[in-house]
Each structure stands twice: as structure tokens, then as C-alpha cells.
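Encoded as C-alpha cells, the structure appears first; notes follow it.
No value in this document is a laboratory result; all are computed from the given coordinates. Just so we're clear, the structure is a prediction, and the values are computed from it rather than from any experiment. Every residue, glycine as well, gets a Cβ built from its backbone with ideal geometry; the counts of neighbours run over all protein chains shown.
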Amino acid sequence: MIKLIAEKDITAWARMCADVYPDTTAQQMLAEYEAGQFKNDYGYYLNDVLVAFISLSVRHDYVNGCDTSPVGFVEGIYIDSDYRKQGIARELIEFAKGWSKEKGCQELASDILIDNLDSLAFHEAVGFEEKERVICVSMKL
């Protein structure tokens, strides 16, 4: 069953997030959640146990590789290692497609670190097409 992350599962969700975003700790994710930054995080539950999540947003700014606006965006997706290769990620992406359509989006997008070939393979396996590659730069002022 896919539903909004239950309050009782926020700690488990934060641990999963720390695996997805290696520069972030579970404690940081909990603080961001408490600040109201994650309103569209959905969990995949088996027997009322959170085993995966998908974080979604609607982006109104330019999204690389997209031709329309707004765009549904997969901010993150994670499946606990014991539950991988069972079709859960594909179900979450199908959910994201429907969710995005309900929000008036004509496209669903995501991004991947340029060297994360496993993530690229996953995205292609569930129907995403690579559109462009970007290297972002910045400088301290």
C-alpha cells in the first residue's frame, strides 16, 4: 500500500533518506521534516511496515530536459535492501505518474548524479529517457 509517510515511521524514513542523500544525516532529515519541508513523501507499506518511499514535488521552474511546466519531479526514491527487485520501485513510479497528472503535469522528471550508473539504469528500466547531462559549478563569495 502506498500512502503518506505515517508519523510513527518518520525515524525509519529519515534513515532511508540518509542512504539516498549521503551528504545528509537522519537527524538533519528529521529536522527538515519537522520544519515542514517534506509534504509529499509517500511510503510503500507491507503489513503496515515502511519498506520504501518516494519523495515528490511539482516544479514550476525550468526542469532540464522538459518541454512543459509544471513538471512532476521525483526528488528521491528508496527501497530497503531486503525488498528490492520485487517491483516496488516500479509501483512507486506508477504512483508518481498518477500523482503528477493529478497536479496538472504533463511530464515526470528526476535527476541523477552523473556517476551513479545504477540509478541511471533504474530510471531507464522504469521508463525515463536520458535527456541531457549537466555539470553544476559554484563559487564561494
Legend entry - the stretch 30-107, relative contact order [Cα under 8 Å, separation at least 6], %: 27 percent
Inset, instruction - With Cα extents along the principal axes in Å in mind, check (i) 34, 32, 29; (ii) 39, 39, 29; (iii) 61, 26, 17 and report the label derived from this structure. - result: (ii)
Legend entry - Alpha carbon centroid spacing (whole Å) that separates the stretch 16-37 from the stretch 53-121: 18 Å
Legend entry - the chain: relative contact order as a whole-number percent, Cα under 8 Å and 6+ apart: 19 percent
Legend entry - GNM result for the chain, Cα springs below 10 Å: residue of E107, E32, E75 fluctuating most strongly: E32
Legend entry - Cβ charges +1 (Lys, Arg) and -1 (Asp, Glu), total dipole of the chain, debye: 180 debye
Legend entry - Fraction of antiparallel bridges per DSSP, the chain only, in percent to nearest 5: 85 percent
Legend entry - ³J(HN,Hα) computed for each position of the stretch 61-75 - Karplus, 6.51 cos²θ - 1.76 cosθ + 1.60, integer Hz, glycine/proline x: 7, 5, 10, 3, x, 9, 9, 10, 8, x, 10, x, 9, 8, 6
Inset, instruction - Report, by chain and number, residues whose modeled amide H sits under 5 Å from the one on E75, excluding near sequence neighbours (fewer than 5 apart, same chain). - result: S55, L56, S57
Inset, instruction - Rounded to the nearest 500, what is the 222 nm mean residue ellipticity of the chain from helices alone, with -39500 (n - 2.57) per DSSP H run of 4+ residues and division by all residues? - result: -9500 deg cm²/dmol
Inset, instruction - Using R₀ = 25 Å, calculate the FRET efficiency as 1/(1 + (r/R₀)^6) where r is the Cβ-Cβ separation of C136 and A31; round to 0.05. - result: 0.50
Inset, instruction - At a Cα cut-off below 29 Å, give the lysines reachable from K39, other chains included and same-chain residues fewer than 8 away excluded. - result: K3, K8, K85, K97, K101, K103, K131
Legend entry - Order by protection proxy (mean Cβ within 10 Å, highest first), peptides 56-64, 87-95, 132-140: 87-95, 56-64, 132-140
